Amino acid sequence: MFKQLPPDYRVVLRNCIVALALLLFSLLLLPTGYAQGEIMVLWGILLPFSIVFYTWLYYGLIPFVYTRSKPLMAYMLRSVLVLMLSFIPLGFLIMLYLKTEEDGFSYALFNCFLQLCITTPVCWQLYKRFKKGKEEVVVLQKELGQSNASFDFLRSQINPHFLFNALNTIYGTALQEKAERTSEGIEKLGDMMRFMLQENMQEKISLVREIDYLNNYISLQKLRTDVSPGIRIETLIAPPVNAIEIAPMLLIPFVENAFKHGISFRDPSHIKINLEMKEDTLYFDVYNSRHTKPDSDPEKDKTGIGLDNVKQRLILLYPKKHDLIIRETGKEFFVHLTIQLS
(Lines give C-alpha, C1' and ligand atoms only; values in the text may rest on other atoms or scores of the structure.)
Protein backbone atom coordinates (compact mmCIF):
# COMPACT_ATOMS: atom_id res chain seq x y z
CA MET A 1 0.00 0.00 0.00
CA PHE A 2 2.92 2.37 0.78
CA LYS A 3 4.29 1.91 -2.75
CA GLN A 4 0.95 2.86 -4.29
CA LEU A 5 1.17 6.40 -2.88
CA PRO A 6 2.56 9.22 -5.08
CA PRO A 7 6.29 9.90 -4.47
CA ASP A 8 5.69 13.22 -2.67
CA TYR A 9 3.21 11.64 -0.25
CA ARG A 10 5.61 8.79 0.36
CA VAL A 11 8.28 11.26 1.50
CA VAL A 12 5.81 13.01 3.82
CA LEU A 13 4.62 9.72 5.30
CA ARG A 14 8.15 8.43 5.81
CA ASN A 15 9.26 11.61 7.58
CA CYS A 16 6.16 11.60 9.79
CA ILE A 17 6.79 7.99 10.79
CA VAL A 18 10.42 8.78 11.71
CA ALA A 19 9.36 11.83 13.73
CA LEU A 20 6.62 9.88 15.52
CA ALA A 21 9.01 7.05 16.36
CA LEU A 22 11.51 9.54 17.78
CA LEU A 23 8.82 11.23 19.83
CA LEU A 24 7.47 7.94 21.21
CA PHE A 25 10.97 6.81 22.11
CA SER A 26 11.61 10.03 24.01
CA LEU A 27 8.29 9.77 25.83
CA LEU A 28 9.07 6.22 26.87
CA LEU A 29 12.21 7.50 28.57
CA LEU A 30 10.35 10.02 30.70
CA PRO A 31 9.07 7.69 33.45
CA THR A 32 12.34 5.76 33.68
CA GLY A 33 14.21 8.39 35.62
CA TYR A 34 16.65 9.24 32.85
CA ALA A 35 14.78 12.45 32.08
CA GLN A 36 13.65 14.71 34.91
CA GLY A 37 12.82 18.39 35.25
CA GLU A 38 14.35 20.50 32.49
CA ILE A 39 15.20 17.46 30.35
CA MET A 40 11.58 16.37 30.49
CA VAL A 41 10.57 19.81 29.20
CA LEU A 42 13.06 19.45 26.37
CA TRP A 43 11.85 16.01 25.27
CA GLY A 44 8.18 16.26 26.17
CA ILE A 45 7.42 19.80 24.94
CA LEU A 46 10.17 21.34 22.83
CA LEU A 47 10.88 18.25 20.73
CA PRO A 48 7.24 17.81 19.64
CA PHE A 49 7.13 21.57 18.90
CA SER A 50 10.26 21.22 16.73
CA ILE A 51 8.74 18.33 14.80
CA VAL A 52 5.49 20.19 14.17
CA PHE A 53 7.34 23.41 13.28
CA TYR A 54 9.66 21.60 10.85
CA THR A 55 6.73 19.79 9.20
CA TRP A 56 4.85 23.06 8.77
CA LEU A 57 7.91 24.78 7.29
CA TYR A 58 8.84 22.00 4.88
CA TYR A 59 5.42 20.95 3.63
CA GLY A 60 3.40 24.12 4.17
CA LEU A 61 5.26 27.42 4.27
CA ILE A 62 8.16 26.83 1.90
CA PRO A 63 6.06 25.45 -1.01
CA PHE A 64 3.71 28.43 -0.51
CA VAL A 65 6.43 31.12 -0.75
CA TYR A 66 8.96 29.34 -2.98
CA THR A 67 7.61 30.66 -6.29
CA ARG A 68 7.36 34.29 -5.12
CA SER A 69 9.71 37.07 -6.21
CA LYS A 70 11.56 37.16 -2.84
CA PRO A 71 10.86 33.73 -1.34
CA LEU A 72 13.59 33.73 1.31
CA MET A 73 12.49 37.06 2.79
CA ALA A 74 8.83 35.97 2.87
CA TYR A 75 9.89 32.66 4.41
CA MET A 76 11.92 34.26 7.20
CA LEU A 77 9.28 36.90 8.02
CA ARG A 78 6.53 34.28 8.35
CA SER A 79 8.76 32.00 10.41
CA VAL A 80 9.61 34.81 12.82
CA LEU A 81 5.93 35.76 13.08
CA VAL A 82 4.88 32.18 13.94
CA LEU A 83 7.65 31.85 16.53
CA MET A 84 6.62 35.15 18.13
CA LEU A 85 2.99 34.02 18.28
CA SER A 86 4.05 30.71 19.87
CA PHE A 87 6.32 32.33 22.45
CA ILE A 88 3.68 33.22 25.09
CA PRO A 89 1.55 30.00 24.82
CA LEU A 90 4.68 27.85 24.94
CA GLY A 91 6.06 29.85 27.90
CA PHE A 92 2.85 29.35 29.88
CA LEU A 93 2.83 25.63 29.07
CA ILE A 94 6.38 25.17 30.35
CA MET A 95 5.67 27.39 33.34
CA LEU A 96 2.72 25.20 34.34
CA TYR A 97 5.01 22.20 34.41
CA LEU A 98 8.06 23.80 36.08
CA LYS A 99 5.99 25.99 38.45
CA THR A 100 8.32 28.94 37.80
CA GLU A 101 7.46 31.83 35.50
CA GLU A 102 11.06 32.85 34.82
CA ASP A 103 12.19 29.38 33.69
CA GLY A 104 9.08 28.90 31.57
CA PHE A 105 9.65 31.95 29.39
CA SER A 106 13.41 31.39 29.35
CA TYR A 107 12.86 28.00 27.78
CA ALA A 108 10.34 29.50 25.36
CA LEU A 109 12.89 32.15 24.33
CA PHE A 110 15.55 29.45 23.94
CA ASN A 111 13.15 27.49 21.74
CA CYS A 112 12.52 30.52 19.48
CA PHE A 113 16.27 31.08 19.14
CA LEU A 114 16.87 27.39 18.37
CA GLN A 115 14.12 27.18 15.75
CA LEU A 116 15.10 30.44 14.09
CA CYS A 117 18.85 29.78 13.95
CA ILE A 118 18.86 26.04 13.21
CA THR A 119 15.53 24.54 12.16
CA THR A 120 14.48 27.38 9.83
CA PRO A 121 17.69 27.65 7.71
CA VAL A 122 18.27 23.87 7.70
CA CYS A 123 14.72 23.27 6.50
CA TRP A 124 15.18 25.85 3.72
CA GLN A 125 18.41 24.25 2.50
CA LEU A 126 16.89 20.76 2.58
CA TYR A 127 13.91 21.91 0.53
CA LYS A 128 16.20 23.63 -2.01
CA ARG A 129 18.15 20.40 -2.42
CA PHE A 130 14.89 18.48 -2.82
CA LYS A 131 13.61 20.90 -5.49
CA LYS A 132 16.92 20.84 -7.34
CA GLY A 133 16.93 17.05 -7.38
CA LYS A 134 13.31 16.99 -8.53
CA GLU A 135 14.03 19.45 -11.35
CA GLU A 136 16.98 17.34 -12.47
CA VAL A 137 14.74 14.28 -12.55
CA VAL A 138 12.16 16.18 -14.64
CA VAL A 139 14.86 17.29 -17.10
CA LEU A 140 16.20 13.75 -17.37
CA GLN A 141 12.69 12.37 -17.89
CA LYS A 142 12.07 14.96 -20.58
CA GLU A 143 15.33 14.17 -22.37
CA LEU A 144 14.71 10.43 -22.05
CA GLY A 145 11.14 10.78 -23.29
CA GLN A 146 12.30 12.90 -26.21
CA SER A 147 15.05 10.42 -27.10
CA ASN A 148 12.67 7.46 -26.87
CA ALA A 149 10.03 9.26 -28.91
CA SER A 150 12.58 10.23 -31.58
CA PHE A 151 13.96 6.71 -31.69
CA ASP A 152 10.52 5.12 -31.89
CA PHE A 153 9.49 7.51 -34.62
CA LEU A 154 12.68 6.93 -36.61
CA ARG A 155 12.17 3.19 -36.28
CA SER A 156 8.59 3.56 -37.51
CA GLN A 157 9.84 5.50 -40.53
CA ILE A 158 12.68 3.22 -41.57
CA ASN A 159 10.75 0.01 -41.92
CA PRO A 160 10.07 -2.36 -44.81
CA HIS A 161 6.50 -1.12 -45.17
CA PHE A 162 7.60 2.43 -45.96
CA LEU A 163 10.58 1.43 -48.11
CA PHE A 164 8.64 -1.10 -50.18
CA ASN A 165 5.83 1.37 -50.79
CA ALA A 166 8.33 3.98 -51.97
CA LEU A 167 10.17 1.50 -54.20
CA ASN A 168 6.91 0.19 -55.64
CA THR A 169 5.92 3.77 -56.47
CA ILE A 170 9.20 4.36 -58.29
CA TYR A 171 8.95 0.99 -60.04
CA GLY A 172 5.42 1.69 -61.21
CA THR A 173 6.51 5.09 -62.48
CA ALA A 174 9.42 3.52 -64.37
CA LEU A 175 6.95 1.30 -66.22
CA GLN A 176 4.91 4.31 -67.32
CA GLU A 177 7.78 6.47 -68.58
CA LYS A 178 11.45 6.13 -68.92
CA ALA A 179 13.40 8.81 -67.09
CA GLU A 180 12.22 12.07 -65.61
CA ARG A 181 9.71 10.97 -63.04
CA THR A 182 11.80 7.96 -62.05
CA SER A 183 14.89 10.07 -61.40
CA GLU A 184 12.77 12.65 -59.59
CA GLY A 185 11.34 10.00 -57.32
CA ILE A 186 14.75 8.52 -56.55
CA GLU A 187 16.18 11.96 -55.80
CA LYS A 188 13.38 12.84 -53.40
CA LEU A 189 13.57 9.47 -51.69
CA GLY A 190 17.31 9.96 -51.23
CA ASP A 191 16.76 13.39 -49.66
CA MET A 192 14.16 11.94 -47.32
CA MET A 193 16.38 9.09 -46.23
CA ARG A 194 19.30 11.46 -45.57
CA PHE A 195 16.98 13.67 -43.53
CA MET A 196 15.74 10.77 -41.43
CA LEU A 197 19.22 9.35 -40.84
CA GLN A 198 21.02 12.64 -40.10
CA GLU A 199 18.91 15.66 -39.19
CA ASN A 200 16.10 13.71 -37.51
CA MET A 201 18.36 12.97 -34.53
CA GLN A 202 19.10 16.65 -33.84
CA GLU A 203 17.25 18.51 -31.12
CA LYS A 204 16.26 21.39 -33.42
CA ILE A 205 16.51 21.93 -37.16
CA SER A 206 15.67 24.74 -39.54
CA LEU A 207 11.98 24.99 -40.35
CA VAL A 208 13.04 25.26 -43.99
CA ARG A 209 14.50 21.72 -43.83
CA GLU A 210 11.33 20.39 -42.18
CA ILE A 211 9.31 21.95 -44.99
CA ASP A 212 11.68 20.47 -47.58
CA TYR A 213 11.00 17.03 -46.14
CA LEU A 214 7.25 17.65 -46.27
CA ASN A 215 7.45 18.75 -49.89
CA ASN A 216 9.58 15.76 -50.84
CA TYR A 217 7.14 13.39 -49.22
CA ILE A 218 4.12 15.03 -50.87
CA SER A 219 5.85 15.04 -54.27
CA LEU A 220 6.73 11.39 -53.91
CA GLN A 221 3.12 10.55 -53.09
CA LYS A 222 1.89 12.58 -56.04
CA LEU A 223 3.91 10.36 -58.36
CA ARG A 224 1.64 7.57 -57.22
CA THR A 225 -1.66 9.47 -57.17
CA ASP A 226 -1.40 11.74 -60.23
CA VAL A 227 -2.58 8.91 -62.46
CA SER A 228 -5.99 9.00 -60.80
CA PRO A 229 -8.24 11.97 -61.74
CA GLY A 230 -10.45 11.36 -58.70
CA ILE A 231 -7.69 12.32 -56.27
CA ARG A 232 -7.25 16.03 -55.49
CA ILE A 233 -4.22 17.20 -53.52
CA GLU A 234 -3.84 20.87 -52.63
CA THR A 235 -0.88 22.34 -50.75
CA LEU A 236 -0.20 25.87 -49.62
CA ILE A 237 3.10 25.73 -47.76
CA ALA A 238 4.68 29.14 -47.29
CA PRO A 239 8.42 29.12 -46.51
CA PRO A 240 9.35 31.15 -43.41
CA VAL A 241 10.81 34.61 -43.91
CA ASN A 242 13.04 34.49 -40.83
CA ALA A 243 15.38 31.79 -39.57
CA ILE A 244 13.10 29.65 -37.40
CA GLU A 245 13.95 26.31 -35.81
CA ILE A 246 11.65 23.43 -34.91
CA ALA A 247 12.00 19.94 -33.48
CA PRO A 248 12.30 17.53 -36.42
CA MET A 249 9.56 15.21 -37.66
CA LEU A 250 6.69 16.95 -35.83
CA LEU A 251 4.61 17.77 -38.90
CA ILE A 252 5.09 14.77 -41.17
CA PRO A 253 2.96 12.30 -39.13
CA PHE A 254 -0.18 14.31 -39.89
CA VAL A 255 0.63 14.35 -43.62
CA GLU A 256 1.41 10.64 -43.64
CA ASN A 257 -1.84 9.97 -41.85
CA ALA A 258 -3.72 11.98 -44.49
CA PHE A 259 -2.24 9.95 -47.35
CA LYS A 260 -2.71 6.66 -45.53
CA HIS A 261 -6.39 7.16 -44.69
CA GLY A 262 -7.42 9.84 -47.18
CA ILE A 263 -6.51 8.27 -50.53
CA SER A 264 -8.63 5.79 -52.41
CA PHE A 265 -8.21 4.84 -56.06
CA ARG A 266 -11.87 3.75 -56.19
CA ASP A 267 -13.62 6.76 -54.62
CA PRO A 268 -13.12 10.53 -54.90
CA SER A 269 -10.43 11.66 -52.46
CA HIS A 270 -8.98 14.94 -51.38
CA ILE A 271 -6.14 16.23 -49.21
CA LYS A 272 -5.51 19.87 -48.34
CA ILE A 273 -2.37 20.97 -46.49
CA ASN A 274 -1.71 24.54 -45.32
CA LEU A 275 1.34 25.83 -43.47
CA GLU A 276 2.31 29.40 -42.64
CA MET A 277 4.22 31.46 -40.09
CA LYS A 278 2.72 34.54 -38.47
CA GLU A 279 5.35 36.30 -36.37
CA ASP A 280 6.65 33.51 -34.13
CA THR A 281 3.66 31.15 -34.41
CA LEU A 282 3.38 28.25 -36.82
CA TYR A 283 -0.09 27.44 -38.19
CA PHE A 284 -0.47 23.99 -39.73
CA ASP A 285 -3.70 22.48 -41.08
CA VAL A 286 -4.31 19.11 -42.69
CA TYR A 287 -7.73 18.28 -44.07
CA ASN A 288 -8.45 14.99 -45.84
CA SER A 289 -11.19 12.60 -46.78
CA ARG A 290 -11.58 9.25 -45.02
CA HIS A 291 -12.37 5.92 -46.56
CA THR A 292 -13.57 2.79 -44.83
CA LYS A 293 -11.00 0.05 -45.16
CA PRO A 294 -12.12 -3.48 -46.02
CA ASP A 295 -12.37 -5.99 -43.19
CA SER A 296 -9.42 -7.89 -44.63
CA ASP A 297 -7.09 -4.89 -44.18
CA PRO A 298 -4.85 -5.63 -41.14
CA GLU A 299 -4.56 -1.88 -40.43
CA LYS A 300 -8.29 -1.19 -40.45
CA ASP A 301 -8.58 -0.59 -36.70
CA LYS A 302 -5.21 1.13 -36.28
CA THR A 303 -4.95 4.85 -35.56
CA GLY A 304 -2.95 7.31 -37.59
CA ILE A 305 0.77 6.87 -38.17
CA GLY A 306 2.73 8.25 -35.24
CA LEU A 307 -0.09 10.44 -33.87
CA ASP A 308 0.33 9.26 -30.28
CA ASN A 309 4.06 9.71 -30.65
CA VAL A 310 3.83 13.26 -31.95
CA LYS A 311 1.34 14.21 -29.21
CA GLN A 312 3.84 13.00 -26.62
CA ARG A 313 6.67 14.94 -28.26
CA LEU A 314 4.60 18.13 -28.44
CA ILE A 315 3.87 17.90 -24.71
CA LEU A 316 7.55 17.31 -23.93
CA LEU A 317 9.05 19.86 -26.32
CA TYR A 318 6.45 22.64 -26.37
CA PRO A 319 4.58 22.57 -23.05
CA LYS A 320 1.93 25.31 -22.97
CA LYS A 321 3.25 26.56 -26.31
CA HIS A 322 1.16 24.46 -28.67
CA ASP A 323 -2.46 23.80 -29.44
CA LEU A 324 -3.52 20.63 -31.23
CA ILE A 325 -7.09 20.10 -32.40
CA ILE A 326 -8.08 16.85 -34.11
CA ARG A 327 -11.59 16.33 -35.42
CA GLU A 328 -12.92 13.43 -37.40
CA THR A 329 -16.13 12.15 -38.85
CA GLY A 330 -16.93 9.05 -40.82
CA LYS A 331 -15.92 10.81 -44.05
CA GLU A 332 -13.39 13.50 -43.10
CA PHE A 333 -10.39 14.12 -40.87
CA PHE A 334 -9.11 17.53 -39.78
CA VAL A 335 -5.96 18.57 -37.87
CA HIS A 336 -5.19 22.07 -36.68
CA LEU A 337 -1.84 22.66 -34.98
CA THR A 338 -0.29 25.88 -33.71
CA ILE A 339 3.18 26.09 -32.16
CA GLN A 340 4.97 29.08 -30.69
CA LEU A 341 8.50 28.73 -32.04
CA SER A 342 10.11 31.79 -30.44
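Quick notes on this one:
- Backbone amide hydrogens, once placed in the peptide plane, bring I237 within less than 5 Å of L275, excluding anything fewer than 5 places away on its chain.
- Per residue solvent-accessible surface (Å²) - region 221-299, probe of 1.4 Å: 50 Å²
- Kirkwood Rh and Cα Rg combined as Rg over Rh, evaluated for region 209-253: 1.05
- The peptide list 60-67, 208-215, put in order of mean Cβ contacts within 10 Å with the highest first, becomes 208-215, 60-67.
- Loop-located trypsin sites (Lys or Arg not before Pro) in region 220-297 (DSSP state other than H, G, I, E, B) with a sparse environment of at most 12 neighbouring Cβ atoms within 10 Å: R266.
The values are calculated or read from the model by the stated rules, or taken from the named source; none is laboratory data. Computed from a predicted model, the values in this text were never measured in an experiment. Here Cβ is always computed from backbone atoms with ideal geometry, including for glycine, and neighbour counts include all displayed protein chains. Areas reflect the complete protein model, heavy atoms only, side chains present, ligands, DNA and RNA absent. Shrake-Rupley method; radii C 1.70, N 1.55, O 1.52, S 1.80 Å.
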